[in-house]
Amino acid sequence: MPTPGATDVVNTRDRLLAAAAALLEEADGGDVPTRAICDRAGVRSPTLYHHFGSKEQLLDAVVSHGLREFLASVGDDSSTDDPVAHVREAWDRHVAFGLENPSFYVLVYGRTRPGRPCAVVADLRALMLQALEPVARHGRLRVTPEEAASQIVAAGSGVALTLIAQPPEDRDLSLSAHVRDAILAALTTDPPEGDREPTTATAAVGLAATLTKTPEGFSEAETALLRDWLGRLAGSG
């Protein structure tokens, strides 16, 4: 049962999120003043800072919430067991989010500062890592899932921003598919055929992906050393 006052706290936070989201849509990529957010939510600026720390952190929360809702709404329609196909779908969902929410997407990347990652990047990397880990376990990833996720998110963001900048009537959606397939061809391998053995690098990536916890009989230090060795083998090509 919520403690007294807990509902008010949740409602205030939700009102701030809703107000910021509505104003972002209305601004169409323009600035959203702190005062306008507070007026729309019916609070004073200290309340905004209490819940989010700054206007920038509030806007980050709006975009992250929007991405999670979007991903939940589109779901996973894959009917294949091919793990690489799931990575393709994750790419497509990323680009689709940018095209369907251009104001949010452009705002986040437009506020990028040196040393300060975009708010949406962590969520997108988590989406990609979730899709890439089965690829690694199947021995079909040439680099670590973390490296692959970083490359895929960077390339996907560039594609999304490029498509957003194009007039809708001239938008060439095949660009996304071409870049996606080129990136995946560089990062993944074909399924093993017959008795063909995986390469040392892909086998190392696959084994590393299974080390989600310390194996029985190993100390934490030994597990860390094993991960280091596997990382070196994975980088051997």
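The values are calculated or read from the model by the stated rules, or taken from the named source; none is laboratory data. Just so it is clear, the model here is predicted, and its values are computed rather than measured. Glycine gets a Cβ as well: all are built from the backbone with ideal geometry, and neighbour counts include every protein chain shown.
Structure above, values below:
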{"item": "Pair list, Cβ under 7 Å, 6 or more apart: region 86-105 residue assigned by TED's automatic domain parsing to the domain that holds G156, other residue of a type in the set (D, E, K, R) and not in a helix (DSSP H, G or I)", "result": "E89/D76; S103/D28"}
{"item": "Any helices (runs of 4 or more DSSP H) falling wholly within region 18-99 and containing at least 2 residues that are of a type in the set (G, A, S)", "result": "34-41, 55-74"}
{"item": "Conditions (1) more than 11 Å from the chain's Cα centre (by Cα); (2) at pLDDT 90 or above: number failed by T112", "result": "(2)"}
{"item": "Condition met for V74 (modelled with pLDDT under 90, in contact with a Cys (Cβ under 7 Å, 6 or more places away or on another chain) and farther than 30 Å from L230 by Cα)", "result": "no"}
{"item": "All positions within region 137-153 that are closer than 18 Å to D82 by Cα, outside any helix (DSSP H, G or I) and of a type outside the set (A, V, I, L, M)", "result": "H138, G139, R140, R142"}
{"item": "First in region 45-57 and modelled with pLDDT under 95, second anywhere and of a type in the set (K, R) and assigned to a loop (DSSP other than H, G, I, E, B), Cβ under 8 Å, 6 or more apart", "result": "E56/R111"}
{"item": "Qualifying residue in region 120-135 (condition: at pLDDT below 90 and not in a helix (DSSP H, G or I))", "result": "no"}
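Yes/no per residue for (1) outside the structural domain of D92 (by TED's automatic domain parsing); (2) surrounded by 15 or more Cβ atoms within 10 Å (Cβ to Cβ); (3) at pLDDT 95 or above:
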{"position": "G139", "(1), (2), (3)": "no, yes, no"}
{"position": "T144", "(1), (2), (3)": "no, yes, no"}
{"position": "S150", "(1), (2), (3)": "no, yes, no"}
{"position": "V153", "(1), (2), (3)": "no, yes, no"}
{"position": "G158", "(1), (2), (3)": "no, no, no"}
{"position": "I164", "(1), (2), (3)": "no, yes, no"}
{"position": "S176", "(1), (2), (3)": "no, yes, yes"}
{"position": "V179", "(1), (2), (3)": "no, yes, yes"}
{"position": "A182", "(1), (2), (3)": "no, no, yes"}
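Here is a yes/no grid of residues against (1) touching a Phe, Trp or Tyr at 6+ places or on another chain (Cβ under 9 Å); (2) over 23 Å from Y105 (Cβ atoms); (3) hydroxyl-bearing (S, T, Y):
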{"residue": "R15", "(1), (2), (3)": "no, yes, no"}
{"residue": "A18", "(1), (2), (3)": "no, no, no"}
{"residue": "A21", "(1), (2), (3)": "yes, no, no"}
{"residue": "D39", "(1), (2), (3)": "no, yes, no"}
{"residue": "R44", "(1), (2), (3)": "no, yes, no"}
{"residue": "F52", "(1), (2), (3)": "no, no, no"}
{"residue": "E56", "(1), (2), (3)": "no, no, no"}
